[in-house]
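Each remark here refers to the structure printed beneath this line.
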Amino acid sequence: MKEHVLISIFANAGSAFGNGSAYAVGIVTIIKAFYRRNISFLAGWLLIITTQVLGYGWAGLLRKYVVEPAHMWWPGTLVQVSLFR
């Protein structure tokens, strides 16, 4: 079961949530489009990776309160939760 959940997390992290990209991609786009500033590839990549890792880190630290209780599940994930159980 653990392997199936891990595969599902990896597949959904890149394609399903956030319209197919990390949320920080929107920040990089806003910097370029609205502020008309040029951001280097390295700075944009570090911003995106940092926000993703922070999100997964907070989810891991707060797993006891945010992930495990049944009343904290999003309605969209109930299908996957019932499948894995």
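Read the figures in this text as sums done on the coordinates, not as results from a lab. Predicted, not measured: the structure shown is a model, and the values here were computed from it. As a convention, Cβ positions derive from the backbone with ideal geometry for all residues, glycine included, and neighbour counts pool all protein chains shown.
Overview of values
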read-out	value
Spacing of the two label points (7 Å from each Cα toward its C-beta) at residue 74 and residue 53, in nm	2.3 nm
For the chain, the fraction of alpha-carbon pairs in successive 10 Å shells from zero, as %	14, 39, 29, 14, 4
